[in-house]
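Remarks on the structure that follows.
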Amino acid sequence: MNIPYTVEERPDSGLANGKLGIWLFLASEVMLFGALFSTYIILRTGATEWPHGELSVPLGALNTVLLISSSVTMVMAWAMLKLHNWGRHRLYLLATFALAGIFLVNKYFEYSDHLARGEGPSHSTFLAIYFTLTGLHGLHIVGGMVVMAYLLGPGAKLWKQNPDQFTNRIEYTGLYWHFVDLVWIFLFPVLYLL
Amino acid sequence: MSLRAFHLLFIALSVVLTAFFAAWAAGQYQRAHEMSYALTGVASVASGIGLAVYGAAFQRKTKKLS
């Protein structure tokens, strides 16, 4: 049995099932991160003093550059499929995966530096919210990498069977990836600069 | 919203971030007078201009993709 509306748009919603699904999922993600950002604001406005300069701004800026670059490579991976350039698509998707991996390596060094100095989540309110927000964001990066690995590996077979459906899957992955990058665009100034 | 539109929104917000980062670096430079902050500010402004140019080119070149 074929699942309907994987490529063509549903007449009632005007969207393919996958696109409606990914936007509903992203809406729930906005609520999750929105709740945590609200928590941060409440904790910060209620604090008598708030630490500054605890995090490495150069490392945070480097990670910002990595994620903005990865959003460019992700959208290029999708655009290459639209132009039926399979080789370039693979290259761009692999580049996105690699940039995400470098982001996580940087995050590992940042975390281990804090933990080596005894600055874990229980050290202060700031570090508690820092580890919670960036840890959850890091888990989303890992999730995106798992999906990309699938689309680079066994999931790539779909391109030969149904290229339009595969292109849609890459677009939905791209929407998720842009959301994850967008969260970081807010996290970086809030945690590292303000 | 398509990936193309979301990407353009993301690039626009990234340009706003580079402007904010440049303003932050300028504030730090005024306070500490360290050259690294001045360089950070200049690099951030340059990145913002680069992103804006990229965004305009992306919008123009991908008009037929949806």
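Just a few scattered comments:
- Using a 1.4 Å probe over protein heavy atoms, the accessible area lost on pairing B with A, summed over both chains, comes to approximately 2200 Å².
- Mean partner shielding of peptide A:70-79, defined as the number of other chain Cβ atoms within 10 Å of each residue Cβ, is 4.
- Carbon plus sulfur fraction of accessible area for chain A, probe 1.4 Å, in percent: 66 percent
- Here region A:125-194 and region A:12-43 have alpha carbon centers that stand 13 Å from each other.
- Rolling a 1.4 Å probe over the protein heavy atoms gives region B:15-61 an accessible area of 63 Å² per residue.
- FRET efficiency, 1/(1 + (r/R0)^6) with R0 35 Å, evaluated for A:Asp12 and A:Asp164 via beta carbons: 0.95
- Working from Cα pairs under 8 Å separated by at least six residues, relative contact order for region B:15-61 is 45 percent.
- Counting only protein heavy atoms and a probe of 1.4 Å, the accessible surface of region B:15-61 is 68% carbon and sulfur.
- Virtual spin-label span in nm between B:Glu34 and A:Glu54, 7 Å along Cα→Cβ: 1.9 nm
- Taking the C-alpha atoms only, the angle from helix B:35-61 to the longest principal axis of chain B is near 10 degrees.
- Shape call, chain A: gyration tensor on alpha carbons, a/c limit 1.5: prolate
- For A:Ser124, net neighbour charge (Lys/Arg +1, Asp/Glu -1) across residues whose Cβ lies under 11 Å away: -3
- 10 Å Cβ neighbours from other chains, averaged over peptide A:51-57: 1
- Heavy-atom accessible surface of region A:82-136, averaged per residue, reaches 52 Å², computed with a 1.4 Å probe.
- When each of the peptides A:140-151, A:37-48, B:49-60, A:65-76 is scored by the mean number of other C-beta atoms lying within 10 Å of its residues, the order from highest to lowest reads A:65-76, A:140-151, B:49-60, A:37-48.
- Three-way shape call for region B:15-61 based on the alpha-carbon gyration tensor, with the a/c threshold at 1.5: prolate
- Peptides A:86-92, A:104-110 ordered by average Cβ neighbours within 10 Å, highest first: A:86-92, A:104-110
- Average other protein chain Cβ within 10 Å of Cβ, residues B:10-19: 4
- The C-alpha atoms of chain A define a longest principal axis, and helix A:57-82 lies at about 10 degrees to it.
- Farthest positive-ward along region A:17-193 dipole, Cα basis, beta-carbon charges - from A:Ser71, A:His137, A:Phe103: A:Ser71
- Accessible area per residue, Å², region A:145-194 with all protein chains present, probe 1.4 Å: 37 Å²
- Straight-distance crosslink candidates among aspartates and glutamates, where the alpha carbon sits under 19 Å from B:Lys61 and sequence neighbours closer than 8 are dropped: A:Glu171
- Chain-alone versus full-assembly comparison, region B:39-55, residues with accessible loss of at least 10 Å² (1.4 Å probe): B:Leu51, B:Tyr54
- Helical contribution to [θ] at 222 nm, DSSP H n ≥ 4, -39,500 (n - 2.57), averaged over chain A, rounded to 500: -26000 deg cm²/dmol
- Between 0 and 90°, nearest 10: helix A:86-116 axis offset from chain A longest Cα axis: 20 degrees
The values are calculated or read from the model by the stated rules, or taken from the named source; none is laboratory data. Predicted model only: the values in this text are computed from it and were never measured. Backbone-built Cβ (ideal geometry, glycine too); neighbour counts: all protein chains shown. The accessibility values were calculated without ligands, DNA or RNA, using every heavy atom of the protein model including side chains. Shrake-Rupley method; radii C 1.70, N 1.55, O 1.52, S 1.80 Å.
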